[in-house]
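Asker: One structure is given below, represented as structure tokens, and several questions about it will come after.
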Amino acid sequence: MLKRIIGIFIPILTCATLFAQDYIMFNTVVLELRNGEHLALQDGVKKHNAKYHNGENGPKAYLWYNHTGPNSGTYGWAIGPMKFSHMDSDLSEDHIRDWEKNVYEIFTNEFRVAPGQWNA
């Protein structure tokens, strides 16, 4: 009888665990800046974040400057905390145009940082 109960309970617990994997995470991007455009990037990201990433209708976004390490001289931009469900829908055309207008023209390269790629 105990084997039968365990045989039913473990698959149910496994399924519940697999379907409930909507955990909290941050989406992180490293921006390589064009020479001398620090204020332009900071102002552009500030405008974009105030409009689309203010924490009211979705996750909040943050910008910081990397002073040391392998990415020194670049900016880090992160959105979060958020869940996978926040990434299920596409961004609006206005959102993309605003990023391109205020931020995209200022940096030369963008690369995403995945978990496990953090360097000290």
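Asker: Out of the residues in segment 30-68 that are outside any helix (DSSP H, G or I) and in contact (Cβ under 8 Å) with a residue 60 or more places away in the chain, which is surrounded by the most Cβ atoms within 10 Å (Cβ to Cβ)?
Answerer: Once the filter is applied, the top-ranked residue is 31.
Asker: Still on this model: Give me the pairs: first residue in segment 1-27 and surrounded by 10 or more Cβ atoms within 10 Å (Cβ to Cβ) and among the charged types (D, E, K, R), second residue assigned to a helix (DSSP H, G or I) and modelled with pLDDT of 75 or more, beta-carbon distance under 8 Å, and six or more apart or on different chains, which are they?
Answerer: 22/84; 22/85
Asker: Which residue is modelled with the lowest pLDDT, if the candidates are limited to segment 76-117 and must be of a type outside the set (Gly, Ala, Ser) and in a loop (DSSP other than H, G, I, E, B)?
Answerer: Here the answer is 117.
Asker: Filter segment 1-29 down to residues that are at pLDDT below 70, not aliphatic (A, V, I, L, M) and not in a loop (DSSP other than H, G, I, E, B), then give me how many there are.
Answerer: Here the count works out to 3.
Asker: Counting only residues that are free of Cβ contacts under 8 Å to residues at least 40 places away in the same chain and surrounded by 15 or more Cβ atoms within 10 Å (Cβ to Cβ), how many does segment 69-104 have?
Answerer: Residues flagged as free of Cβ contacts under 8 Å to residues at least 40 places away in the same chain and surrounded by 15 or more Cβ atoms within 10 Å (Cβ to Cβ) within segment 69-104 amount to 2.
The values are calculated or read from the model by the stated rules, or taken from the named source; none is laboratory data. Bear in mind that the values here come from a model prediction, so they are computed numbers and not experimental data. Heads up, the Cβs are rebuilt from the backbone with ideal geometry, glycines too, and the neighbour counts pull from every protein chain shown.
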